[in-house]
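This report concerns only the one structure given below.
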Amino acid sequence: EVQLVESGGGLVQPGRSLKLSCAASGFTFSNYYMAWVRQAPTKGLEWVASITNSGGTTYYRDSVKGRFTFSRDNAMSTLYLQMDSLRSEDTATYYCTRDQGTTRGPLFDYWGQGVMVTVSS
Amino acid sequence: DIQMTQSPASLSASLGETVTIECRASEDIYNGLAWYQQKPGKSPQLLIYNANSLQTGVPSRFSGSGFGTQFSLKINSLQVEDVATYFCQQYYDYNTFGAGTKLELK
(Lines give C-alpha, C1' and ligand atoms only; values in the text may rest on other atoms or scores of the structure.)
Protein backbone atom coordinates (compact mmCIF):
# COMPACT_ATOMS: atom_id res chain seq x y z
CA GLU A 1 0.00 0.00 0.00
CA VAL A 2 1.36 3.39 -1.01
CA GLN A 3 1.84 5.68 1.98
CA LEU A 4 3.08 9.25 2.14
CA VAL A 5 3.52 10.72 5.62
CA GLU A 6 4.39 14.39 6.03
CA SER A 7 5.93 15.99 9.09
CA GLY A 8 7.57 19.22 10.18
CA GLY A 9 4.72 21.68 10.00
CA GLY A 10 3.88 24.30 12.58
CA LEU A 11 3.62 27.97 13.42
CA VAL A 12 6.49 30.17 12.26
CA GLN A 13 7.07 33.92 12.13
CA PRO A 14 7.31 35.75 8.81
CA GLY A 15 10.85 35.68 7.43
CA ARG A 16 11.78 32.52 9.32
CA SER A 17 12.37 29.00 7.99
CA LEU A 18 10.74 25.60 8.25
CA LYS A 19 11.62 22.20 6.81
CA LEU A 20 8.99 19.67 5.82
CA SER A 21 9.66 15.97 5.38
CA CYS A 22 7.68 13.25 3.64
CA ALA A 23 8.35 9.56 4.27
CA ALA A 24 7.25 7.32 1.41
CA SER A 25 6.58 3.59 1.43
CA GLY A 26 4.76 0.90 -0.52
CA PHE A 27 6.33 1.61 -3.93
CA THR A 28 9.72 1.89 -5.61
CA PHE A 29 10.42 5.46 -4.55
CA SER A 30 13.39 6.04 -6.86
CA ASN A 31 11.22 5.36 -9.94
CA TYR A 32 8.88 8.30 -9.43
CA TYR A 33 8.86 12.05 -9.75
CA MET A 34 7.35 13.60 -6.61
CA ALA A 35 5.70 16.92 -5.82
CA TRP A 36 4.32 19.21 -3.14
CA VAL A 37 0.86 20.71 -3.53
CA ARG A 38 -0.57 23.18 -1.03
CA GLN A 39 -4.01 24.39 -0.05
CA ALA A 40 -4.59 27.64 1.83
CA PRO A 41 -7.43 27.52 4.39
CA THR A 42 -10.80 27.18 2.61
CA LYS A 43 -9.06 27.68 -0.76
CA GLY A 44 -8.18 25.59 -3.78
CA LEU A 45 -5.17 23.49 -4.68
CA GLU A 46 -1.87 24.99 -5.80
CA TRP A 47 1.16 23.12 -7.10
CA VAL A 48 4.34 24.20 -5.28
CA ALA A 49 7.29 22.16 -6.56
CA SER A 50 8.31 18.95 -8.31
CA ILE A 51 11.44 16.84 -8.35
CA THR A 52 12.64 14.22 -10.81
CA ASN A 53 13.14 10.63 -9.71
CA SER A 54 16.92 11.07 -9.40
CA GLY A 55 16.58 14.40 -7.63
CA GLY A 56 18.73 16.02 -10.28
CA THR A 57 16.11 18.51 -11.47
CA THR A 58 13.57 20.54 -9.56
CA TYR A 59 10.73 22.80 -10.64
CA TYR A 60 9.05 25.54 -8.61
CA ARG A 61 6.12 27.86 -8.93
CA ASP A 62 7.23 31.43 -9.41
CA SER A 63 6.09 32.64 -5.98
CA VAL A 64 8.42 30.24 -4.12
CA LYS A 65 11.44 30.27 -6.45
CA GLY A 66 14.56 31.28 -4.56
CA ARG A 67 12.90 30.68 -1.19
CA PHE A 68 11.97 26.97 -1.24
CA THR A 69 14.33 24.06 -1.90
CA PHE A 70 12.99 20.61 -2.77
CA SER A 71 15.26 17.60 -2.30
CA ARG A 72 15.04 13.85 -1.86
CA ASP A 73 16.99 10.96 -0.36
CA ASN A 74 16.23 7.85 -2.40
CA ALA A 75 18.07 5.59 0.05
CA MET A 76 15.71 6.75 2.81
CA SER A 77 12.62 7.14 0.57
CA THR A 78 12.20 10.63 1.97
CA LEU A 79 11.44 14.04 0.53
CA TYR A 80 12.37 17.39 2.02
CA LEU A 81 11.01 20.88 1.45
CA GLN A 82 13.20 23.60 2.93
CA MET A 83 11.13 26.77 3.17
CA ASP A 84 13.02 30.01 3.83
CA SER A 85 11.89 33.63 4.04
CA LEU A 86 8.37 32.50 4.77
CA ARG A 87 5.47 34.86 4.09
CA SER A 88 1.90 34.96 5.36
CA GLU A 89 0.70 33.84 1.93
CA ASP A 90 2.62 30.57 2.39
CA THR A 91 0.13 29.60 5.11
CA ALA A 92 -1.46 26.37 3.91
CA THR A 93 -1.74 22.64 4.29
CA TYR A 94 1.14 21.10 2.36
CA TYR A 95 0.56 17.75 0.68
CA CYS A 96 3.29 15.39 -0.45
CA THR A 97 2.20 13.73 -3.69
CA ARG A 98 3.41 11.08 -6.10
CA ASP A 99 3.52 11.96 -9.79
CA GLN A 100 1.97 9.14 -11.80
CA GLY A 101 4.02 10.18 -14.81
CA THR A 102 2.76 11.58 -18.07
CA THR A 103 4.39 12.83 -21.25
CA ARG A 104 3.36 16.35 -20.26
CA GLY A 105 2.92 17.78 -16.75
CA PRO A 106 2.48 16.18 -13.33
CA LEU A 107 -0.48 13.99 -12.43
CA PHE A 108 -0.87 13.37 -8.70
CA ASP A 109 -2.04 9.81 -8.05
CA TYR A 110 -1.27 9.50 -4.32
CA TRP A 111 -1.44 12.16 -1.61
CA GLY A 112 -0.26 12.31 1.97
CA GLN A 113 -2.52 13.39 4.81
CA GLY A 114 -1.08 16.90 4.70
CA VAL A 115 0.82 19.05 7.17
CA MET A 116 -0.23 22.54 8.26
CA VAL A 117 2.14 25.48 7.97
CA THR A 118 1.06 28.75 9.57
CA VAL A 119 3.12 31.87 8.99
CA SER A 120 2.16 34.54 11.49
CA SER A 121 3.69 36.89 14.01
CA ASP B 1 -0.41 30.36 -18.06
CA ILE B 2 -3.44 28.23 -18.81
CA GLN B 3 -6.46 29.18 -16.68
CA MET B 4 -9.05 26.59 -15.63
CA THR B 5 -12.60 27.73 -14.96
CA GLN B 6 -14.97 25.38 -13.15
CA SER B 7 -18.73 25.68 -12.95
CA PRO B 8 -20.78 25.76 -10.94
CA ALA B 9 -18.83 26.83 -7.83
CA SER B 10 -21.30 24.87 -5.74
CA LEU B 11 -24.32 22.70 -6.27
CA SER B 12 -26.87 20.80 -4.31
CA ALA B 13 -28.32 17.51 -5.53
CA SER B 14 -30.49 14.64 -4.27
CA LEU B 15 -29.48 11.04 -3.68
CA GLY B 16 -29.74 9.03 -6.88
CA GLU B 17 -29.54 12.12 -9.07
CA THR B 18 -27.07 12.57 -11.95
CA VAL B 19 -24.68 15.47 -11.48
CA THR B 20 -22.46 17.19 -14.06
CA ILE B 21 -19.56 19.53 -13.31
CA GLU B 22 -17.90 21.55 -16.07
CA CYS B 23 -14.33 22.71 -16.54
CA ARG B 24 -13.13 25.06 -19.26
CA ALA B 25 -9.50 25.66 -20.23
CA SER B 26 -8.33 29.05 -21.49
CA GLU B 27 -6.55 27.32 -24.37
CA ASP B 28 -6.39 23.92 -26.00
CA ILE B 29 -5.13 21.25 -23.60
CA TYR B 30 -6.11 18.26 -25.80
CA ASN B 31 -6.92 15.51 -23.27
CA GLY B 32 -4.51 16.62 -20.54
CA LEU B 33 -7.21 16.93 -17.90
CA ALA B 34 -7.69 15.24 -14.52
CA TRP B 35 -10.42 15.34 -11.88
CA TYR B 36 -9.84 15.05 -8.14
CA GLN B 37 -12.28 14.50 -5.29
CA GLN B 38 -11.63 16.00 -1.85
CA LYS B 39 -13.98 14.85 0.90
CA PRO B 40 -14.37 17.13 3.93
CA GLY B 41 -11.24 17.08 6.08
CA LYS B 42 -9.45 14.65 3.78
CA SER B 43 -6.73 14.71 1.15
CA PRO B 44 -7.65 14.90 -2.54
CA GLN B 45 -7.94 11.68 -4.55
CA LEU B 46 -7.42 11.21 -8.27
CA LEU B 47 -10.65 10.15 -10.00
CA ILE B 48 -10.13 10.66 -13.73
CA TYR B 49 -7.09 11.30 -15.94
CA ASN B 50 -6.60 11.85 -19.68
CA ALA B 51 -10.06 13.46 -19.55
CA ASN B 52 -11.94 10.15 -19.55
CA SER B 53 -9.82 7.37 -17.97
CA LEU B 54 -11.05 6.10 -14.63
CA GLN B 55 -8.34 5.73 -11.97
CA THR B 56 -8.08 2.23 -10.49
CA GLY B 57 -10.55 1.70 -7.67
CA VAL B 58 -12.87 4.59 -8.56
CA PRO B 59 -16.56 3.60 -8.83
CA SER B 60 -17.93 3.36 -12.35
CA ARG B 61 -20.67 5.91 -11.60
CA PHE B 62 -17.94 8.53 -12.17
CA SER B 63 -17.11 9.40 -15.78
CA GLY B 64 -15.24 12.13 -17.58
CA SER B 65 -15.55 13.53 -21.08
CA GLY B 66 -14.31 16.33 -23.26
CA PHE B 67 -11.35 17.40 -25.39
CA GLY B 68 -9.62 20.65 -26.23
CA THR B 69 -11.07 23.32 -23.95
CA GLN B 70 -14.37 21.92 -22.63
CA PHE B 71 -14.56 19.06 -20.14
CA SER B 72 -17.09 17.56 -17.78
CA LEU B 73 -17.28 15.19 -14.85
CA LYS B 74 -20.50 13.20 -14.48
CA ILE B 75 -21.63 11.37 -11.38
CA ASN B 76 -24.47 8.92 -11.95
CA SER B 77 -26.80 7.93 -9.12
CA LEU B 78 -25.36 10.27 -6.48
CA GLN B 79 -24.39 8.59 -3.20
CA VAL B 80 -23.87 10.07 0.28
CA GLU B 81 -20.16 9.40 0.05
CA ASP B 82 -19.90 11.60 -3.06
CA VAL B 83 -20.34 14.76 -0.98
CA ALA B 84 -17.04 16.50 -1.64
CA THR B 85 -15.29 19.29 -3.48
CA TYR B 86 -14.20 18.39 -7.00
CA PHE B 87 -11.21 19.97 -8.72
CA CYS B 88 -10.12 19.79 -12.33
CA GLN B 89 -6.43 20.04 -13.24
CA GLN B 90 -4.79 20.57 -16.60
CA TYR B 91 -1.39 18.90 -17.07
CA TYR B 92 -0.89 19.65 -20.76
CA ASP B 93 1.21 22.75 -20.10
CA TYR B 94 2.78 21.94 -16.76
CA ASN B 95 -0.24 22.20 -14.45
CA THR B 96 -3.06 24.38 -13.16
CA PHE B 97 -6.01 23.55 -10.94
CA GLY B 98 -9.56 24.82 -11.19
CA ALA B 99 -11.08 26.61 -8.19
CA GLY B 100 -13.28 23.67 -7.25
CA THR B 101 -16.96 22.72 -7.17
CA LYS B 102 -18.51 21.98 -3.80
CA LEU B 103 -21.17 19.26 -4.04
CA GLU B 104 -23.72 18.96 -1.25
CA LEU B 105 -26.84 16.88 -0.69
CA LYS B 106 -30.21 18.52 -1.06
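The values are calculated or read from the model by the stated rules, or taken from the named source; none is laboratory data. Computed from a prediction, not measured in an experiment: that's the story for all the values here. Here the Cβ positions follow ideal geometry from the backbone for every residue, glycine too, while neighbour counts run over all protein chains shown. The protein model used for the area step is the full one, side chains on, heavy atoms only, and it has no ligands, DNA or RNA in it. Shrake-Rupley method; radii C 1.70, N 1.55, O 1.52, S 1.80 Å.
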What's the total accessible area buried between chains A and B, using a 1.4 Å probe, rounded to the nearest 100 Å²? 1600
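Explain nothing, just the number: dipole magnitude of the stretch B:24-106 about its Cα centre with +1 on each Lys and Arg Cβ and -1 on each Asp and Glu Cβ, in debye rounded to the nearest 20. Intermediate results must be reported in sequence, preceding the final value.
Values: 7 positive and 6 negative charges, 64 e Å.
Using only the charged Cβ atoms, the result is roughly 300 debye.
Before I look further, what does the stretch B:19-77 give for accessible area per residue, probe 1.4 Å, in whole square angstrom? Could you put the intermediate results ahead of the total?
Details: 2690 Å² over 59 residues.
Per-residue accessible area for the stretch B:19-77 comes out at 46 Å².
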The answer for the per residue Cα convex hull volume of the protein assembly as shown, in Å³, is 114
Could you give the size of the charge dipole of the stretch A:33-121 about its Cα centre, using +1 on the Cβ of each K and R and -1 on the Cβ of each D and E, expressed in debye and rounded to the nearest 20? 100
To the nearest 10 Å², what's A:Tyr33's accessible area with a 1.4 Å probe? 100
Relative to 2.2 N^0.38 Å, what does the C-alpha radius of gyration of the stretch A:55-121 come to as a ratio? Two decimals please. 1.21
For the protein assembly as shown, give the magnitude of the charge dipole about the Cα centre (Cβ charges: +1 Lys/Arg, -1 Asp/Glu; no others), in debye to the nearest 20. 300
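Quick one: pull the percent of accessible area on the protein assembly as shown belonging to carbon and sulfur, 1.4 Å probe, ligands and nucleic acids left out. Present the calculation step by step, with values, prior to reporting the outcome.
On the way: 4650 of 10480 Å².
C and S atoms contribute 44 percent here.
Would you rank A:Val2, B:Val80, A:Val119 by solvent-accessible area, highest first, keeping every protein chain in place and using a 1.4 Å probe?
Values: A:Val2 30, B:Val80 85, A:Val119 10 Å².
Descending accessible area places them as B:Val80, A:Val2, A:Val119.
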Find the Cα radius of gyration of chain A, compare it with 2.2 N^0.38 Å by division, and give the number to two decimals. 0.99
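How many times 2.2 N^0.38 Å is the alpha carbon radius of gyration of the stretch A:8-59?
Working: Rg = 13.6 Å, N = 52, 2.2 N^0.38 = 9.9 Å.
Expressed relative to 2.2 N^0.38 Å, the Cα Rg reads 1.37.
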Solution diffusion estimate, µm²/s, Stokes-Einstein, chain B, Kirkwood Rh from C-alpha pairs, 10 °C, viscosity 1.306 mPa s: 118
